[in-house]
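Below is one structure, written out as structure tokens, with a few remarks after it.
Each reported figure results from applying straightforward, stated rules to the coordinates on display, with no laboratory input. Worth saying up front: this structure is predicted, and the values here are computed from it rather than measured. Glycine gets a Cβ as well: all are built from the backbone with ideal geometry, and neighbour counts include every protein chain shown.
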């Protein structure tokens, strides 16, 4: 018998690689485009990828009991998966492409070669999915930690973006050092236009997890997709018809096992009848690698049975119940009693409980913020809120006429605001620390905070203050006095304060509009004040 | 500037002065041009014309750096940044006078890209042919300012490595130095912790003014900010003055600028300091001023 590989599936495999590369590129371009474009409003929906993720729809809808309309686009993914199986994982997912790429590289290497034989259970990802969905029932939204798009985007925002920025700065410095002035200038101008954020708190942990996820491909090919990905698991549950069914021609098959050995997701194309349709991502590797072209994917209308995944009713039930018991742990936090002064949310953020139900920790807002003000929370927002966005005035401030973070949130955790609406939103209140403020504490002139206050009339007013100096003299200077009613908490005063380590004026979250209890002046009293003649 | 270049310029300039028509001693050309009119671009052009034309300041082949105030993320009607049309007119005139390259640059306070875009200066200056560049940290170098207070400071080399420097501030109020005009505009050419300069702002402004010696100062007072300075926030914080003040003497330009805010030049500490440092004259009665309207 003539041995010949299938030309058709060879080209189909190439097409798949090309598609993956294209989608990854699209993802990266949209990532870079998530910045201030030179106009007030972004023209393209940079967060579009997220809207096609049914896991985000499911988790946020269950947790928040509301459906964010844009996420309904993910129903397209659901229908496509119902009919065609998990081709989205194999052809379109950018994180899948990344894992595939590194699996390919590692397979070529000697040290990092992934293990071949695989008896390990494929069920962990399903169990993760059930924990996530069960927790969502109790309004604990855990989806962001392992959702593939959130994971990838967050890693790029918090870890890759600062590295790129650093790389550009180094390249610029090197160019000037070598006397290549115009190259150095081009690099710095490119960096200025890309406006990549250079520092993030907690970047090391986010980055380490990203590197770990990549390195796991050295253990098993597409480790993440096989064992961890809850979105892949959800699509696995939906892959019911698999209209294109794997078929092995028994006449041609020489029982060489190559197809099963090289299967990216351990979907076991061989032996015939053991094909795990819910695991197959239609990468076409098996059909392309078959030395006798025995494998094909003909169209057939028949319901598939989920097999090869040890997922029985008992395990599903147990895991879901575990999820239900696990969820309340995330709620044991003193933040439920009293707001954290350091938890300053971006403008447009929903009230805290609703915000947490919707935020998927994707890092879109962190990327788009032009002043590097938004950072992934570490402890500020409690156990549920790790990696949710928090504004850290010491690192960046909220630019007055900017509403970019409100334009990119894929789940509506940050409500979209026009510039006109945004400037009216109060996210916190500034407080003067008289023990550190130059005019108060040292009797020296300084009006830097007042100068930078963007509100008109300024929320930082100047009053004359007398300070007794050790010489027995009285130093009279203008000193800041914050008007809590007009202060919006943007944090530029804290950011620009000359007292570098612990600024003499600091913003805390009190007075934020989104909260009805994190207040210092009763609105009722304010109303009464207004009515006074 | 290299010592050799300096000597060369000295000799060439000396010879040129000796054998050319004595332009600098002409009593007819005013020291300060004050032009009022409807179009920011036209009054800028008229002001330079009044001073004797751009070719008096820019030579053929010059590399020119124009320093507007692009400090804030504010649109032109807020009068927080220099009027883009004034900047564009100066760019065009520099090219007309034979400049080889014109760069427009400022070290902003708000996020650079936003300031450049929303002030309208990037677009207008580019359309006029200028290269509009962000400042680059790599180009910061600690330099000896030899000031009374500021001995040394980090300076963006772009402002030093040019043939001609044109300062284009906008007239605004400021709660510490009372007004911010041309001399204070040099805070946008330096790096470091600029906000510390506020502890002795008048001295800092004069030290910087003594270091950066502009060929020309053009004060944009088309729309002045008279309240909530230096960034305003409402159009009602601004007032249309429809004037441009230009001159070689940076102190005289600032002294005239003070009058837009009902201030006498002698009330401003930094002007007195500047005059005693020999940077120019603030007593306007001793300055040849020509006023025009277009």
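Using just the alpha carbons, could you tell me how many Å³ per residue the convex hull of region B:171-227 encloses? Walk me through the numbers on the way to the answer.
Values: hull volume 4.5 nm³, N = 57.
Taking the convex hull of the Cα positions in region B:171-227, it is 79 Å³ per residue.
Sort B:54, A:306 by Cβ crowding within 10 Å, fewest neighbours at the top. Intermediate values should be presented prior to the final figure.
Numbers: B:54 23, A:306 15.
Final ranking by Cβ density, sparse to dense: A:306, B:54.
Give, as ranges by residue number, the residues of region A:178-208 whose backbone N falls under 17 Å from the point 7 Å along Cα→Cβ of residue B:161.
Hits in region A:178-208 for residue B:161 at 17 Å: A:178-190.
Kirkwood Rh and Cα-based Rg: tell me the resulting Rg over Rh for region A:352-495, rounded to two decimals.
On the way: Rg = 18.2 Å, Rh = 16.9 Å.
Value, to two decimals: 1.08.
Rounding to the nearest 10 and keeping the result within 0 to 90°, find how far the Cα-based axis of helix A:74-84 lies from the longest principal axis of chain A.
That works out to roughly 10 degrees.
Determine the relative contact order of region A:89-238: mean sequence separation of Cα pairs under 8 Å and six or more apart, normalised by residue count, in whole percent. Write out the running numbers ahead of the final one.
On the way: 152 pairs, mean separation 61.8, N = 150.
Contact order relative to length: 41 percent.
Measure nothing but the geometry: give the 0 to 90° angle between the long axis through the Cα atoms of A:313-326 and the longest principal axis through the Cα atoms of chain A, rounded to 10°.
It works out to around 10 degrees.
Pop a pseudo-label 7 angstrom from the Cα along the beta-carbon direction at both residue B:239 and residue A:5 and give the gap in nm to one decimal.
Here the modelled spin labels are 8.1 nm apart.
For residue A:39 and residue A:310 in one chain, what is 0.36 nm times their gap in residues minus the Cα-Cα distance, to one decimal in nm? Present the calculation step by step, with values, prior to reporting the outcome.
Working: separation 271, 0.36 × 271 = 97.56 nm, distance 5.28 nm.
Extending this stretch completely gives an extra 92.3 nm.
Which FRET efficiency value, to the nearest 0.05, do you get for residue A:442 and residue B:39 by plugging their Cβ-Cβ distance into 1/(1 + (r/R0)^6) with R0 = 51 Å?
Values: r = 48 Å, r/R0 = 0.95.
With R0 = 51 Å, the Cβ-Cβ based efficiency is 0.60.
Given region A:426-533, what whole percent of its Cα pairs are spread farther than 18 Å?
Numbers: 3043 of 5778 pairs.
When every Cα pair of region A:426-533 is considered, 53 percent fall beyond 18 Å.
Once the Cα atoms of helix A:181-194 and of chain A are each reduced to a long axis, what angle between those two axes, in degrees from 0 to 90 to the nearest 10, is obtained?
Here the helix axis deviates by roughly 90 degrees.
Can you give the average number of partner chain beta-carbon atoms within 10 Å of each beta-carbon in peptide A:171-177, as a whole number? Present the calculation step by step, with values, prior to reporting the outcome.
Working: counts 0, 4, 3, 1, 1, 4, 1.
Mean shielding by partner chains, rounded to a whole number: 2.
Figure the gain on full extension for residue A:137 and residue A:215 (residue separation times 0.36 nm, minus the Cα-Cα span) and round it to one decimal in nm. Can you show the working numbers first?
On the way: separation 78, 0.36 × 78 = 28.08 nm, distance 3.31 nm.
Value of the extension gain: 24.8 nm.
Kindly state, as a whole number, the per residue volume in cubic angstrom of the convex hull around the alpha carbon atoms of region A:44-187. Intermediate results must be reported in sequence, preceding the final value.
Values: hull volume 26.4 nm³, N = 144.
It is 183 Å³ per residue.
So how do A:110, A:240 line up by other beta-carbon neighbours within 10 Å, fewest first?
Working: A:110 6, A:240 15.
Least crowded to most crowded, the residues run A:110, A:240.
Please order A:463, B:43, A:289 by the number of other Cβ within 10 Å, starting at the fewest.
Details: A:463 10, B:43 30, A:289 20.
Fewest-to-most Cβ neighbours within 10 Å comes out as A:463, A:289, B:43.
Testing the spin-label approximation: label points 7 Å from Cα along Cα→Cβ at residue A:189 and residue A:325. State their distance in nm.
Roughly 6.4 nm, to one decimal.
Taking a point 7 angstrom from the Cα of residue A:379 along the C-beta vector, which residues in region A:403-433 have backbone N less than 17 Å away?
No residues fall inside that zone.
P(r) for the protein assembly as shown: what percent of alpha-carbon pairs falls in each 10 Å bin, starting at zero?
Histogram of Cα-Cα distances, whole percents per bin: 2, 12, 19, 19, 16, 12, 9, 6, 3, 1, 0.
Take every residue in peptide A:226-236, count the Cβ atoms of other chains within 10 Å of its Cβ, and give the average of those counts. Intermediate results must be reported in sequence, preceding the final value.
Numbers: counts 0, 0, 0, 0, 0, 0, 0, 0, 0, 0, 0.
Per residue, the number of nearby Cβ atoms from other chains is 0 on average.
Between residue B:267 and residue A:201, how many nm apart are label points set 7 Å from Cα along the C-beta direction?
So the label points at residue B:267 and residue A:201 sit 4.5 nm apart.
Please report the antiparallel percentage of DSSP beta bridges with both residues in the protein assembly as shown, rounded to the nearest 5. Write out the running numbers ahead of the final one.
Numbers: 42 of 62 bridges.
Percentage antiparallel, nearest 5: 70.
Given region B:29-293, what percent of its DSSP beta bridges are antiparallel, to the nearest 5? Walk me through the numbers on the way to the answer.
Details: 22 of 42 bridges.
DSSP beta bridges in region B:29-293 are roughly 50 percent antiparallel.
Would you work out the relative contact order for region B:29-293, in percent, from Cα pairs under 8 angstrom that are 6 or more residues apart?
Numbers: 651 pairs, mean separation 64.5, N = 265.
Answer for region B:29-293 is 24 percent.
Given a Förster radius of 51 Å and the C-beta distance between residue A:301 and residue A:255 as r, what FRET efficiency does 1/(1 + (r/R0)^6) yield to the nearest 0.05?
Details: r = 29 Å, r/R0 = 0.57.
Once the sixth-power term is evaluated, E becomes 0.95.
Would you please classify the overall shape of region B:29-293 from the alpha carbon gyration tensor, given that a ≥ b ≥ c denote the square roots of the eigenvalues, rounded means a/c under 1.5, and beyond that prolate means a/b larger than b/c while oblate covers the rest? Walk me through the numbers before you get to the answer.
Details: a/c = 1.13, a/b = 1.03, b/c = 1.10.
Rounded, since a/c falls under 1.5.
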